[in-house]
Amino acid sequence: MDIKRLASWRSLLLGLAVLGLVAAACGGNEPPKPPGPAEEQVLRLRLQAEPKTIDPHLSNVISEASLIKPLFAGLFTYDEGAKIVPNLATELPTVANGGVSADGLTYSIKIRDGAKWSDGKALTASDFVYSLQRALDPELAGPYASSYYSIVGARDYNKAFGSTKSPKTPTAAELESLREGVGVSASGESTVVYQLTQPTPSFLNHLALWTAFPVRQDVIEEHGANWTEAENIVGNGAFVLAEWSHDLRVVFEPNQYWHGEAAKLSQITVQFIGDDAAAFAAYQAGEIDSVIVPAANRRQVSDVNSTLFEELVIEPDLRTFAVFINNQAAPFNNKLVRQALGHAIDRNAYVEGVLQGAGITTTSWIPAGMPGHDASIGSQYEFDASKAKDLLAQAGYVDGEGFPKVTFVMVNSESNRIAGQFVQSQLKENVGIVSEFEYIDGKAYGQRVFGERDYQVTIQSWSADWPYPDNWLPELFGSESSSNIFNYSNPEFDALMAKAAAETDDAKRLEFYGKGHKLMIDDAGLVPLYNRVSYVLVKPWVQDLVITSLDGAIKGDYHLSQTWIAAPSTAVAAD
């Protein structure tokens, strides 16, 4: 198979090889294969569950993002090396080309000629103005709105209703004034202008995020909440949504008005298969073309004698799994309890037993391969049952006596049940904590944890939306961040994040982020467990699948328009 990967893949794999994690590096030197016939240009993929939304302004889960990326396109995107490149924009804006003002506060971005929506209507700068204003609309309450607070007026508009503690009741006229005060405007039909409150080095990354993708005002106003249904949706990505059979599958077909090179695939089907073992079996039966290998099968496929070995791609992720903690939910509103949890789980046993070696233990939040990574952060939380018991005793729970009921909320899957059994056993045996695990479907989980924040603890991950610490720290743990599902709040942390945002020297900025990172981990705002290494199986007939460390739940989701299917005679599946 010809699998394209992140440019830094080989250097990252060298480190993994030392740990014995590398099984195979597929493709790259194989002779070229002829494409199969048009009717066979079908890529069959899998998601664990139907997402709660594919509205770009309401999405904050990687499974949602993987379905949004084929349908919508922003001004910028990422290349194979995870670097920002123009998408709808004609070029990267700089001071030299007039795209960025000398003070770094104004971005003027020209849209490429001939850009259209999937129904053939011209896409204009005004579409981007409407879309950002909608993303910030306080009534919509989009989860990533705070990512755009560096834009003039964005925070004021998004926070127009105040907070639970200090609610506000603006009039319709006041809301409209705040909306118009957001620093985004159209200069003619083809130039979008953004006004910032301060220089923001990662601003183009923010514009590559799905929250900055344009959406159609007339379509939303006509269809309301149903605008994303297959019969209604209008996008501007490489594909259109041909079918959405709820709880079963979605089907994509090429967008004839796509501004880039025409998609080579005639169709992409994404099945919703909740059970990991069932998905693995479907791959073996030739029913889907790619699958993330379940933990129970990783050692099997890594064996050089396995018939699946040649189809295996191992890719380090910019992704950290952790025990996510609701810092305001008792008993985890007590820092001593959270810190005890940090010591109570044997990470090495987790990786070797639950993950079958497909991970690298960590006590730090920001993963290796990113600016701001510091493996020493959180090192005080190495597994130590005695320290965990001492901290619980200080919190008033000697030997776990009197400890309140603890419930982990998890997506219902075989791998999560295995993880749950391990953690449940660890907490009971190591510190005397009795825990329960509630397994629910993916859509309900997304609404409950990410939407309502109605949980005590869960095992979850964060995957880089863009490779810089502002996506991992203020975005998630800032007191006023719309993505702060941890309900973590520390004024000292907020102050450090504000200093980082205002700093123009990158080294000094990273120093502030580092201090904030350490502070949050010292507070046990969450408990990092491991950085994931993806074990992905890809059928040999799948060509030019571009896998990067920024991908979502579907590997290759940024570049599916480049993928194609080889002729059957030149690509034979493993038994």
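Whole-percent P(r), segment 317-532, all Cα pairs, 5 Å bins from 0: 1, 7, 15, 20, 21, 17, 11, 5, 2, 0, 0. Of the GluC sites (Glu not before Pro) found in segment 120-206, those in coil by DSSP whose Cβ has at most 13 other Cβ atoms within 10 Å are 139, 189. Put simply, the amide H of residue 289, placed in the peptide plane, has neighbours under 5 Å in 44, 45, leaving out anything fewer than 5 places away on its chain. Close amide H contacts of residue 209 (hydrogens built in the peptide plane, cut-off under 5 Å, sequence separation of 5 or more or a different chain): none are found.
Given +1 on the Cβ of Lys and Arg, -1 on the Cβ of Asp and Glu, and no further charges, what dipole in debye does segment 73-214 carry about its Cα centre, rounded to the nearest 20?
Working: 11 positive and 14 negative charges, 55 e Å.
About 260 debye.
For segment 499-575 versus segment 396-435, the inter-centroid distance based on Cα atoms is 29 Å.
Tell me the mean residue ellipticity at 222 nm calculated for the chain from its helices only (DSSP H runs of n ≥ 4, each -39500 (n - 2.57), averaged over every residue, nearest 500). Before the final figure, lay out each step's value.
Values: 16 runs with 145 residues, N = 575.
It comes out at -7000 deg cm²/dmol, rounded to the nearest 500.
When you work out D = kT/(6 pi eta Rh) for the chain at 4 °C and 1.567 mPa s, using the Kirkwood radius from C-alpha pairs as Rh and the Stokes-Einstein form, the result is 52 µm²/s. Shape descriptor for segment 73-214: Rg over Rh equals 0.98 (Cα atoms; Rh from the Kirkwood inverse mean 1/r). For segment 239-252, 3J(HN,Hα) computed residue by residue from phi via the Karplus equation (6.51, -1.76, 1.60; θ = phi - 60°) reads 10, 10, 8, 7, 7, 9, 8, 4, 6, 10, 6, 10, 10, 10 Hz, glycine and proline entered as x.
Just so you know, all these numbers are worked out from the coordinates, no wet-lab data involved. Being a predicted model, the structure only gives us computed values, none of them experimental. Glycine also receives a Cβ, built like all others from the backbone with ideal geometry; neighbour counts cover every protein chain displayed.
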